[in-house]
1. Taking the dipole about the Cα centre of the chain, with the C-beta of Lys and Arg at +1 and of Asp and Glu at -1, give me whichever of Ala50, Met1, Cys65 is farthest to the positive side.
2. What number of lysine-lysine pairs in the chain show an alpha-carbon separation below 19 angstrom, given a sequence spacing of 8 or more or placement on distinct chains?
3. Semi-axes of the range 62-149's equivalent ellipsoid from the Cα gyration tensor, sqrt of 5 times each eigenvalue, largest first, rounded to whole Å?
4. Check which residues have an amide H placed less than 5 Å from Ile62's amide H, if you skip close sequence neighbours.
5. Residue separation times 0.36 nm, minus the C-alpha to C-alpha distance between Phe128 and His87: what's the value?
6. Considering the alpha-carbon set of the range 14-121 alone, what are its Rg and its Dmax in angstrom?
7. Pick out, in residue order, every one of the GluC sites (Glu not before Pro) in the range 100-149 that is DSSP loop and has at most 16 other C-beta atoms within 10 Å; say none if there are none.
8. Find how much the distance from His98 to Gln23 grows on full extension, using 0.36 nm per residue of separation minus their present alpha carbon separation; answer in nm with one decimal.
Amino acid sequence: MRVAVACDHGGFPLKGVILETVQETGHEAIDLGAFSAESSDYPDFAQKLAQSILSGQAERGILICGSGIGACIAANKIKGIYAGVCHDTYSAHQGVEHDRMNVLCLGARIIGEELAREIVRAYLGAVFSQEERHLRRVNKVLAIEARGK
Ligand code: RB5
């Protein structure tokens, strides 16, 4: 799977570990920056990562900021992006299995490298379940998205 990875300055300290873990688990990592710890704005990277998924360049994304929150809010404003902050492995796989999450958001100021690695493995190892109840709920989310309210 092709996985886009992006961060702001807050997420930058964790980006290398995330890229490494994506590759170690047999996936292709697409590094969308930031390329330094210089101050930057998370919405710019959320948008860049979303475009990568929506264009088909990447199938999933991992977005890192200081807390994971700003990046997640920004990403979820974009149609077709279903982002979640996951700082535990259960949420990281259940978010994909039940909710068809396609962007994992992490806070580099919240979790350490080893937990981040495990979360990324759980996220990338998960697939959407396709069970009727999950499809029904995801379709309701899509209806909310289409209505915009
Ligand atoms: C940057 O200082 C920080 O606000 C940002 O990385 C993120 O944590 C926002 O949610």
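Please treat every number below as a calculation from the coordinates, not as lab data. A quick note: this is a predicted structure, and the numbers were derived from the prediction, not measured. Here Cβ is always computed from backbone atoms with ideal geometry, including for glycine, and neighbour counts include all displayed protein chains.
1. Checked the options; the winner is Ala50.
2. 8
3. Numbers: eigenvalues 108, 56, 11 Å².
Each semi-axis is the square root of five times an eigenvalue, giving 23, 17, 7 Å.
4. Under 5 Å from the amide H of Ile62 lie the amide H atoms of Ala4, Val5, Ala6, Leu104, each far enough along the sequence or on another chain.
5. Using 0.36 nm per residue and subtracting the Cα-Cα distance, I get 12.8 nm.
6. That works out to 12.5, 37 Å for Rg and Dmax.
7. Answer in residue order: Glu131.
8. Working: separation 75, 0.36 × 75 = 27.00 nm, distance 2.49 nm.
That pair, His98 and Gln23, stretches by 24.5 nm at full extension.
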